[in-house]
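K.L.:
Following this message is one structure expressed as structure tokens.
The values are calculated or read from the model by the stated rules, or taken from the named source; none is laboratory data. Bear in mind the structure is a predicted one, so any value in this text is a computation, not a measurement. All Cβ positions, even for glycine, are placed from backbone atoms using ideal geometry, and neighbour counts span all protein chains on display. Each accessible area value is taken on the protein alone, full model and side chains, heavy atoms only, with ligands, DNA and RNA left out. Shrake-Rupley method; radii C 1.70, N 1.55, O 1.52, S 1.80 Å.
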Amino acid sequence: MSVKAFELVPAVERELLMGDKARINIECIECCGKHLYVGTNDCFIHHFLLEEHATTKGMLSYTVQKLLFRYLGLKKPVEALKAASALERIIVLCDATVSVVDMITLEPVPSGGAKIKGVAAFCVNENPVNGDPFCVEIGVISARRRTVQIYMVYEDRVQLVKEVNTPEQPCAVSLDGYFLCLALSTQYMILNYSTGAAQDLFPYDSEERKPIVKRIGREEFLLAAPGGLGMFANAEGISQRAPVNWSESVMGAAVCFPYVVALDEGFVTVHSMLDQQLKQTLSFRDGHILQDFEGKVVLASTKAVYVLVPLPLERQIQELLAGHRVEEALTLTEGARRNIPKDKFQILHKRILQQAGFIQFGQLQFLEAKEHFRTGQLDVRELISLYPLLLPASSSFTRCHPPLHEFADLNHLAQGDQEKVQRCKRFLITYLGEVRSTEGANGCREDVDTALLKLYAEQDHESLLDLLASPNACLLAESAPWLEKHHKYFALGLLYHYNGQDSAALQLWVRVVNGDLQDSTRSDLYEYVVDFLSFCSNPDLVWKYADWALQRDQTIGVQIFTRRPVGQDQVKEQKDQVKEQKDQVKDQVNPDDVITYLGKHSQALLLYLEHLVLGRRIQKEKLHTHLAVQYTDRVLSLLSQSPTADQQVSLARDKLQLLLRESSLYRVQLLLGKIQEYDQLFLERATLHGKLEEHDKALHILVHQLKDFPAAEAYCVRGSASRDPAYQQRLLHLLLGVYLDRDLPSSTGTGELEMAAVDLLNRHGELFDAVRVLDLLPEGWSLQLLRPFLGRALRGSMHACRTSQVALGLARSENLQLQHDRLKQRRSPVLVSEKKGCVLCHNTFSEPDCVCLPGGVPVHTHCAAQRVVRDSPTRRQLANSNNHT
């Protein structure tokens, strides 16, 4: 696709060059800075001064001044001119002879050694290997031999340094470093004149077309290949760029990065080196010279000279963007990197990427647009500003100038297409969600988060709650009306909470739960409010809404208090707190206040007491008693109903019995008084009598009232679980006595009691005192009946006897060892003198009495006594000894 990359500007008009002489033609040109040299067919060199001027439209124009012209006196055309600015010389090829003239006066160098004869063509090495700045290296094609000669040109002489043979007669040459790029009669080749290494490139026919060999960079050349191709080749003979497709009749080529300019019989064509596409075509008739000089492309017909002035790259890029040719614009921008200072290029590159992103955004190519926005570091507010009402009214953002796009807003872009509008909004949601946590949102987080909230609310997006539940910068004044407009009251409450307005949040949520406002975001909003209150640190709000929650559902509402973190209330129960700690917890919820408050909500009170006693394991008599009374009242209430709900009674009694068994902190007499008259609660009465150590009464109830022998036996085992064996034996003997006491009235048959007694003895025989048992047993019982008991009792007695014997033997052995150690200490003397000091107090001994530490070290008796008080006896063993001096 076309782009205007160059303008053709006249430089030297025909009248200025030749006046009225019609037969004079231009043969060659050379440009060095502002100086232009023209060689003609009548053996003249013309010297012009080119002055650049900018027009009102920003384009370049030239004013030309003819400084000098000089006749070389050979009556032959001047075939080639090359400037050697370091030497202030012009190298001239005329009549197959290379000579040197002065750059200013155009006078020939007087020395006769500054000429080379028999030359067909020559070129200057722009990347010389010789480090001498006061000479120029040239490559010369011999007109008579198949050779290329390397010369050094000085101010007044030339010096041959190398001659290289070629397989065919060279037609054209270009030189870079040690590498010669040659057009021979039938092919192109690369030749290293230092090593002699040669690399054939590709064939061509020199009789059909003029060869072109053009150095375009370090060790890289441009060649005219068959098929109308412009081929690139490096010094290794490899093409690292794709070829450009120009015409078969190309007669000259030049490079002005990133473009390749070619001249044929009627046109000048411009191809991109980046994508190899034809970008521009200029009509130019009678042209026969095209060369580039330090970035300046000069054209010549036979009568006049022109300059191809490149348009500024930024202008070319903007024209491509205006035509929505995004990829070409980006390619051209990347290609311009080498020609633009780094800082300026970065600014230009970012802006081009941003513009490209908006173009693709307008074409709904969202993936490409997002990538360009990110790479171009777009201020995200540029994108948000396209969406009406999304930017907060308080935002100080103004759009970039000149503008990055052609859209007034999203409605202008969509032209009434609502599907396009929705797609654009979905893209912005995705983009803002990704960019809000990156550096791209720095400095504008409030604008980004507020815009994202508005989009979430409008689109009923599932991420709205995630945004508000996480750290955010949404502006309350902008967001609240928007959320109300879209009936997002739960989300609005979260926003209030995030901004520290818990009262407003709760008020809003309560209205939704009560049905005054409609919001289907959460079906469990009531449970959420309860959970919110359970973690609320403001006690005023807790008390304000607790009654509302409890009236709605006591079971759920009481969770306001039961779910509160222990750390919030636990410190209230501590009595020995310093003043600072009291100040920190003065606003927390006190459990005693909660119990008082829940007095009118019996079910909630019961649940809260269970939480304190069974959940948090608070060891307070008041709480345990209160819970036990609540359980008892619940059981009595159910028992008084008619008909009785057996299942409910059973569950209630289970809870009461568990508490009575496990707790020892409640007021036993109070509870016993409440249930004393209820025959249905014998088991509970037995448990309470047990707490009072009235085990005989408890066992009597279990045996004679309930006739539950396993329960009686379990009572004994459970009651003595953490006590010594004697206590357990006492309980079992009490139970045995109840079974065998015939004086007490009982509705239980004697046989049943005797069998229960036998079973008890046989199961726990080793725990009983066998002598006492035998005294209690009726004389009529057979030994066979008691055989298991007697066997276990006998084994237990034997085991105890043998165990005591073993213990006695060990004690005697230990005593014997200690006596042996004592004798050893007595046998060895301990020397004590007035000159020897105590290792504990460092004072000397004044009397022979002392204590000997392990190892035979003597110390004062009073020092040893103090040490015994300080240290554990197991760590230090002291031995008194009689000392001999």
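For every residue, the table says whether it meets (1) under 60 Å from the mean Cα position of the chain (by Cα); (2) aromatic (Phe, Trp, Tyr); (3) over 26 Å from residue 185 (Cβ atoms).
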| residue | (1), (2), (3) |
| --- | --- |
| 106 | no, no, yes |
| 118 | no, no, no |
| 137 | yes, no, no |
| 145 | no, no, no |
| 160 | no, no, no |
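K.L.:
Next question. Which residue pairs have Cβ atoms under 6 Å apart, sit 6 or more places apart or on different chains, and have a first residue in the stretch 618-629 that is within 12 Å of residue 592 (Cα to Cα) and a second that is open to solvent by less than 30 Å² (accessible area, probe 1.4 Å)?
P.N.:
Within 6 Å, the pairs are 623/612; 623/613; 626/609.
K.L.:
So residue 227 fits all but one of (1) at pLDDT below 90; (2) touching a Ser or Thr at 6+ places or on another chain (Cβ under 7 Å); (3) open to solvent by 20 Å² or more (accessible area, probe 1.4 Å); what number is the exception?
P.N.:
Condition not satisfied by residue 227: (2).
K.L.:
Specify the residue that is modelled with the lowest pLDDT; the eligible residues are those in the stretch 533-584 that are hydrophobic (A, V, I, L, M, F, W, C) and under 19 Å from residue 616 (Cα atoms).
P.N.:
571
K.L.:
Can you find even one residue in the stretch 447-467 that is at negative phi, at pLDDT below 95, open to solvent by less than 20 Å² (accessible area, probe 1.4 Å) and outside any helix (DSSP H, G or I)?
P.N.:
Checking the stretch 447-467: not a single residue is at negative phi, at pLDDT below 95, open to solvent by less than 20 Å² (accessible area, probe 1.4 Å) and outside any helix (DSSP H, G or I).
K.L.:
Please go through the stretch 630-688 and give me each residue that is hydroxyl-bearing (Ser, Thr, Tyr) and assigned to a helix (DSSP H, G or I), ordered by number.
P.N.:
631, 632, 637, 640, 650, 687
K.L.:
Scan the helices (runs of 4 or more DSSP H) fully inside the stretch 485-536 and keep the ones with 2 or more residues being more than 23 Å from residue 562 (Cβ to Cβ) and not basic (Lys, Arg).
P.N.:
489-498, 502-513
K.L.:
Looking only at the stretch 179-223, which residues are part of a loop (DSSP other than H, G, I, E, B), open to solvent by 40 Å² or more (accessible area, probe 1.4 Å) and more than 22 Å from residue 247 (Cα to Cα)?
P.N.:
Within the stretch 179-223, 194, 195, 196, 197, 218, 219 meet the criteria.
K.L.:
Please find, among 428, 364, the residue that is in a helix (DSSP H, G or I) and surrounded by 13 or more Cβ atoms within 10 Å (Cβ to Cβ).
P.N.:
Sole residue among the options that is in a helix (DSSP H, G or I) and surrounded by 13 or more Cβ atoms within 10 Å (Cβ to Cβ): 428.
K.L.:
Only one of (1) buried (at least 19 other Cβ atoms within 10 Å of the Cβ); (2) more than 22 Å from residue 126 (Cα to Cα); (3) not acidic (Asp, Glu) is not met by residue 278, so which one is it?
P.N.:
The single condition residue 278 does not satisfy is (1).
K.L.:
Can you tell me which residues in the stretch 33-60 are open to solvent by 40 Å² or more (accessible area, probe 1.4 Å) and touching a His at 6+ places or on another chain (Cβ under 9 Å)?
P.N.:
Hits for the stretch 33-60 are 35, 60.
K.L.:
Give the stretch 384-405 a look and list any residue that's over 20 Å from residue 482 (Cα atoms) and either touching a residue at least 12 places away in the same chain (Cβ under 8 Å) or under 29 Å from the mean Cα position of the chain (by Cα) (or both), or say none.
P.N.:
Once the filter is applied, which keeps residues that are over 20 Å from residue 482 (Cα atoms) and either touching a residue at least 12 places away in the same chain (Cβ under 8 Å) or under 29 Å from the mean Cα position of the chain (by Cα) (or both), the stretch 384-405 yields 397, 399, 400, 404, 405.
Residue by residue, here is whether (1) among the aromatic types (Phe, Trp, Tyr); (2) surrounded by fewer than 20 Cβ atoms within 10 Å (Cβ to Cβ); (3) under 16 Å from residue 85 (Cα atoms) holds:
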site	(1), (2), (3)
101	no, no, yes
104	no, yes, yes
110	no, yes, no
118	no, yes, no
122	yes, no, no
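K.L.:
Consider the stretch 338-361. How many of its residues are assigned to a helix (DSSP H, G or I), more than 15 Å from residue 376 (Cβ to Cβ) and free of Cβ contacts under 8 Å to residues at least 24 places away in the same chain?
P.N.:
3
K.L.:
Something else: Scanning the stretch 404-414 for residues that are in contact with a helix residue (DSSP H, G or I) (Cβ under 9 Å, 6 or more places away or on another chain) and assigned to a loop (DSSP other than H, G, I, E, B), which turns out surrounded by the most Cβ atoms within 10 Å (Cβ to Cβ)?
P.N.:
My answer is 404.
K.L.:
Quick one: would you say residue 269 is more than 12 Å from residue 252 (Cα to Cα) and either modelled with pLDDT of 85 or more or crowded, with 19+ Cβ neighbours inside 10 Å (or both)?
P.N.:
It is false that residue 269 is more than 12 Å from residue 252 (Cα to Cα) and either modelled with pLDDT of 85 or more or crowded, with 19+ Cβ neighbours inside 10 Å (or both).
K.L.:
Follow-up question, since we're still on this one. With 670, 699, 688, 692 as the choices, which residue is in contact (Cβ under 8 Å) with a residue 12 or more places away in the chain, in contact with a helix residue (DSSP H, G or I) (Cβ under 6 Å, 6 or more places away or on another chain) and surrounded by fewer than 18 Cβ atoms within 10 Å (Cβ to Cβ)?
P.N.:
692
K.L.:
Related question: Does residue 255 count as in contact with a Lys or Arg (Cβ under 9 Å, 6 or more places away or on another chain) and surrounded by 15 or more Cβ atoms within 10 Å (Cβ to Cβ)?
P.N.:
In short, yes.
K.L.:
Being surrounded by fewer than 10 Cβ atoms within 10 Å (Cβ to Cβ), more than 30 Å from residue 863 (Cα to Cα) and among the hydroxyl-bearing types (Ser, Thr, Tyr) is the requirement here; does residue 782 meet it?
P.N.:
Here the answer is yes, as residue 782 does meet what is asked.
K.L.:
List pairs: first residue in the stretch 90-112 and part of a loop (DSSP other than H, G, I, E, B), second residue surrounded by fewer than 19 Cβ atoms within 10 Å (Cβ to Cβ) and among the β-branched types (Val, Ile, Thr) anywhere in the structure, Cβ distance under 8 angstrom, at least six positions apart or on different chains.
P.N.:
From the stretch 90-112, no pairs qualify.
K.L.:
Which ones in the stretch 709-723 are over 60 Å from the mean Cα position of the chain (by Cα), of a type in the set (Ser, Thr, Tyr) and outside any helix (DSSP H, G or I)?
P.N.:
Answer for the stretch 709-723, where residues must be over 60 Å from the mean Cα position of the chain (by Cα), of a type in the set (Ser, Thr, Tyr) and outside any helix (DSSP H, G or I): just 720.
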